[in-house]
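Structure record follows, encoded as structure tokens.
The values are calculated or read from the model by the stated rules, or taken from the named source; none is laboratory data. A quick note: this is a predicted structure, and the numbers were derived from the prediction, not measured. Virtual Cβ from ideal backbone geometry, glycine too; neighbours counted across all protein chains shown. With ligands, DNA and RNA removed, areas are computed over all heavy atoms of the protein, side chains included. Shrake-Rupley method; radii C 1.70, N 1.55, O 1.52, S 1.80 Å.
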Amino acid sequence: QRNVVLSGEVRFPGRYTLTNREERLGDLITRAGGVTDAAYVRGAQFFRTQGGLGRVGIDFEHVLSDPGFRDNVILFAGDSLYVPEYQPTVKVEGAVNSPVTVAYRPGAGTGYYVDAAGGLARRADRRRTYVVQPNGAVTRANRRPEPGARVVVPPVPADEQKTDWAALVSSIAAVSTSVLTIILVVQRL
């Protein structure tokens with residue numbers, strides 16, 4: 001038997017046996033009664049074990065509205081779909097001063113969420129910040145987090161030195177002062 005699993009906010013979640021070799025994701029969702037009112041279809045995660053693929057990025061929202069859409073994939077044994085409940089929050093983790101979950105704010109960028117988490121920690125690598133969207137897609141920090149997303153600020157790797165600008169400026173000022181003092185002393189002699 002060729003089985004697939006539907007879980008989360010589906011009317012009738014569970015293990016389903018595929019009825020034919022051409023059964024598509026949209027067909028199975030129809031058999032399962034569709035999604036619940038609490039479903040967050042933009043956060044749906046599709047997994048394929050065949051070939052060790054793991055999570056496969058699909059636009060489930062588009063699949064539900066257009067059965068002819070390219071992401072309405074033919075199902076294989078071992079496939080699974082998880083449809084989460086809508087979560088109006090964004091989790092901020094990594095090298096921030098106070099990792100926290102923040103209420104979702106429409107249109108807010110990663111900077112807003114990082115600030116809400118107390119700002120960047122001293123060892124934060126701001127350039128490598130990324131967003132894990134609720135459907136599992138990983139995007140760059142310049143993309144707006146969706147409800148249920150995670151903003152991740154990685155630390156600077158241990159083998160890289162982060163520039164301490166205050167110490168660098170202080171050292172340059174001390175060396176410059178010493179050089180000027182030597183020049184003045186030499187000129188007076």
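Quick one: if the Förster radius is 35 Å, what FRET efficiency do Arg105 and Ser80 give, using the C-beta to C-beta distance and rounding to 0.05?
Details: r = 32 Å, r/R0 = 0.91.
Once the sixth-power term is evaluated, E becomes 0.65.
Report, as a whole number in µm² per second, the diffusion coefficient that Stokes-Einstein gives for the stretch 1-80 at 25 °C and 0.890 mPa s using the Kirkwood radius over alpha carbon pairs.
Details: Rh = 12.7 Å.
Estimated via Stokes-Einstein, D reaches 194 µm²/s.
Quick one: pull the percent of accessible area on the chain belonging to carbon and sulfur, 1.4 Å probe, ligands and nucleic acids left out.
Working: 6170 of 11530 Å².
Ligands and nucleic acids excluded, carbon and sulfur reach 54 percent.
Percent antiparallel among DSSP beta bridges with both residues in the chain, to the nearest 5? Walk me through the numbers on the way to the answer.
On the way: 25 of 33 bridges.
Roughly 75 percent of the DSSP beta bridges within the chain come out antiparallel.
Test of understanding: express the Cα radius of gyration of the chain as a ratio to 2.2 N^0.38 Å, with N the residue count. Could you put the intermediate results ahead of the total?
Numbers: Rg = 26.0 Å, N = 189, 2.2 N^0.38 = 16.1 Å.
In units of the globular-protein estimate, the chain measures up at 1.61.
Given the stretch 90-189, what percent of its DSSP beta bridges are antiparallel, to the nearest 5? Walk me through the numbers on the way to the answer.
Numbers: 11 of 15 bridges.
Rounded to the nearest five, the antiparallel share is 75 percent.
Modelled label-to-label distance, Thr19 and His62, 7 Å Cα→beta-carbon offset: nm?
2.7
Per DSSP H run of at least 4 residues, take -39500 (n - 2.57); add these up for the chain, divide by its residues and hand me the 222 nm value, nearest 500 deg cm²/dmol.
On the way: 4 runs with 44 residues, N = 189.
Roughly -7000 deg cm²/dmol at 222 nm, from the helical runs in the chain.
Determine, from the Cβ-Cβ distance of Ser170 and Arg122 and an R0 of 25 Å, the FRET efficiency 1/(1 + (r/R0)^6), rounded to the nearest 0.05. Write down the numbers at each step before the final one.
On the way: r = 17 Å, r/R0 = 0.67.
Efficiency for this residue pair is about 0.90.
Measure out, as a whole number of angstrom, how far apart the alpha-carbon centroids of the stretch 126-157 and the stretch 107-121 sit.
Here the two parts' Cα centres lie 11 Å apart.
Using a Debye calculation, one point per C-alpha and no hydration shell, please list log10 I(q)/I(0) for the stretch 101-189 at q = 0.15, 0.23, 0.25 Å⁻¹ in order.
Cα-only, vacuum Debye calculation for the stretch 101-189: -0.67, -1.09, -1.19.
Please work out the FRET efficiency for the pair Ser7 and Asp159, using the Cβ-Cβ distance as r and a Förster radius of 45 Å; give the result to the nearest 0.05. Kindly include the intermediate steps, with their values, before the conclusion.
Details: r = 41 Å, r/R0 = 0.90.
The calculated FRET efficiency here is 0.65.
Keeping every protein chain present and rolling a 1.4 Å probe, give me the accessible area per residue for the stretch 1-158 in Å². All intermediate terms of the calculation are to be shown ahead of the outcome.
Numbers: 8570 Å² over 158 residues.
Spelled out: the 1.4 Å probe surface of the stretch 1-158, per residue, equals 54 Å².
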